[in-house]
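A short worksheet on the structure shown next.
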Amino acid sequence: MSVINENLLKLQKLMKEKNISLYVIPTSDNHSSEYISDYFKSREFMSGFTGSAGTLLVSLTNAYLFVDGRYFIQAENQINGTNITLEKIGEPNVPSINELIKSLLKEGDNIGFDGNVLPYYEAKNYIDLVNYVGGHVVSIDLINNVWEKRPPLPNGKIFILDIKYAGKESKNKIEDIRKEMIAKNAKYNVITSLDDIAWILNLRGNDISYNPVFLSYLVIGEKTIDLFIDKSKIDLDVATYLKVNKINVHDYYEIINFVKLIKEPILLDYQKVNYEIVSNIKANIINSYNPSLLMKSIKNPVEISNQKKCLIKDGVAMTKFMYWLKNNIGIIPITEISAQNKLYKLREEQEHYIEPSFNTICAYKSHAAMMHYSATKESDVPLTNEGMLLVDSGGQYLEGTTDITRTFVLGEISKAEKHHFTLVLESSLNLMRVVFLHGCTGISLDLAAREPIWREFLDYKCGTGHGVGFLLNVHEAPNGFRYKIVPERNDSHVLEPGMITTDEPGIYLENEYGIRHENELLCKEIMTNNQGTFLGFENITMCPIDIDGIDPKELSKENREYLNNYHKKVYKTIKPFLTKEEARWLRKYTRKI
């Protein structure tokens, strides 16, 4: 019997003892984070599926893993041999988790979950479902009784982000938040999302891989600021900084007792604050997005200037990687992992580099058909001078956060591969060039990218782009490009000048290949007249597209011109940081087509 099946049996035994018929295990932590530290990886431990999103539902006899289109192939492979049924979200005849729960519930049944890691809005769904059958929810961490060698909570130090990077003092951000609180008739704002807390306080940490945040809670009152954190994370400099900014520091776990005592209206976000906190609040709750959500997404002039600087650094690393790859493929041994490690090394050479912004995807040939493939010792394959290599990667710098994808042609490719490479580029360029009236959302603009691919009856099972944080989470709400509203993504806000959003359409053919091109776009005002305010995008990623994969005849005239101008700018921007040999090579790969 597999270890996964043994653990499921242990969990089901505990469920029976606690009179729990269904147990929900989300991919989350106490703060509804997208990426989580090892301590919180309960779903991965119980299922064997290592993707960054998904929910495991366990009944007394069965288990079901819900994943979206990014992970269909990966999840199918990783749960093979277990007693877990894969539920492909959004596919025909596949129930949602709520629909499946409703079909499984019997009179008097109870649903269990760890209320610390489940956002209240999700828990509310389960409360409604069990109320219908006369049962109740049980908030309990059963996984802790199954997971014998569970990792400890992270304990990284935090540091102050200098104003020359942040661009705005923490006290001024808090003043802005208090104005929004007054407008919503709230006396307190309970904030549990880690990127919001880090941005508000101009502090950063390293409690979660790829995300420079720290486990904490923040409560902003009319005249008080209270931070809940493991105090061992705070050194003397940070302690002084907090004191100067009149921030009261409490133990991390004191948050529950603190909110119990609040008697005046509290502003909080049910999508972010966990069930355990909300269920202990006695005061009136105003459910709304945190004011910091939108403030954080609209970068200030200093943040924008810094973000452009870090994208140049990142472009240098990526260009040097492309040069190395093109000049060494078929000559020296290279594998997915060794190529990935080479890119890590090149980024590490850049000033103020901190760490990757997410787990690098370095996927050769058919591996690239898996959107979130991650090379392992078992899956690693040698690269040869044929086919394509997809590399999706990014870095965290003091100056910002980067996210870039390039698909590299390593040698001979088929006519179909070249056609699809060009088709994806046409889609990406369409979005880069779009002009739109203020008031549009990403849903309004998604068609610009997706329509050329749809025209050939193809699609990609993800959004076209997402917001990017500033030395924060690489995926940041509330801006994005997507053709339909997905509530849990919260990426359909009106696009505002200062927002940075990725542009990354793709084509993924199972067992064949995957192609994606990705740049970061800065939303800017173009002009205002009596018709309204017109916006567009500045392409701020600086790295060539591999012209070896392009059929110029299949690009529109406008897109060819845009690409040629972009490559001209890339050459001028990146050349000063290259050797003479690298610069000569870059001239070739940014030539006019």
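Values quoted throughout were computed directly from the atomic coordinates according to the rules given, and no laboratory measurement underlies them. Predicted, not measured: the structure shown is a model, and the values here were computed from it. Methodologically, a virtual Cβ is constructed for each residue, glycine included, from the backbone with ideal geometry; neighbour enumeration extends over all protein chains shown.
Some values worked out for this structure:
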quantity	calculated
Convex hull of Cα atoms in segment 129-177, direction-averaged projection (nm²)	8.2
Neighbour-count order for Val391, Val94, fewest beta carbons within 10 angstrom listed first	Val94, Val391
Cα-based shape type of segment 268-334, given that a ≥ b ≥ c are square roots of the gyration tensor eigenvalues and the cut on a/c is 1.5	oblate
Proximal aspartates and glutamates relative to Lys13, as straight alpha-carbon distance under 18 Å, when same-chain residues fewer than 8 apart are discounted	Asp109, Asp114, Asp141, Glu148
The chain: relative contact order as a whole-number percent, Cα under 8 Å and 6+ apart	11
Correct choice for Cα extents along the principal axes in Å that was computed from the model, options [x] 67, 58, 50; [y] 86, 59, 53; [z] 77, 62, 51	[x]
Cross-link reach list, lysines versus Lys41, counting only Cα pairs under 17 Å and skipping chain neighbours closer than eight places	Lys149
C-alpha long axis of helix 415-433 to longest principal axis of the chain, angle in °	70
Whether segment 499-593 is rounded, prolate or oblate, judged on the alpha carbon gyration tensor where a/c under 1.5 counts as rounded	oblate
Relative contact order, percent, segment 249-356 [alpha-carbon distance under 8 Å, six or more residues apart]	20
Cα gyration tensor, segment 44-103 - rounded (a/c under 1.5), prolate or oblate	oblate
Footprinting exposure proxy for Cys310, Cys523 (fewest neighbouring C-beta atoms within 10 Å first)	Cys523, Cys310
All lysines inside 26 Å of Lys418 as judged from Cα atoms, apart from same-chain residues fewer than 8 positions distant	Lys320, Lys326, Lys365, Lys461, Lys553, Lys557, Lys568, Lys569, Lys588, Lys592
Principal-axis tilt of helix 580-589 within the chain, Cα atoms, nearest 10 degrees	90
At q = 0.11, 0.12, 0.16 Å⁻¹, base-10 log of I(q)/I(0) for segment 3-145 (Debye sum, equal scatterers on each alpha carbon)	-0.36, -0.44, -0.81
Neighbour-count ranking [beta-carbon atoms within 10 angstrom, fewest first] of Asp128, Asp109	Asp128, Asp109
Geometric extent, Cα atoms of segment 392-502 - Rg, Dmax (angstrom)	15.2, 45
Segment 462-593 - percent relative contact order, Cα under 8 Å, separation 6 or more	15
Dipole magnitude of the chain, debye to nearest 20 (Cβ charges: Lys/Arg +1, Asp/Glu -1, about Cα centre)	1280
Cα-based helix-to-principal-axis angle, 301-328 vs the chain, degrees rounded to 10	60
Glu91-Asn284 pseudo-label distance in nm [points 7 Å out on the Cα-to-Cβ vector]	4.8
Surface/4 of the Cα convex hull for segment 298-585, nm²	15.1
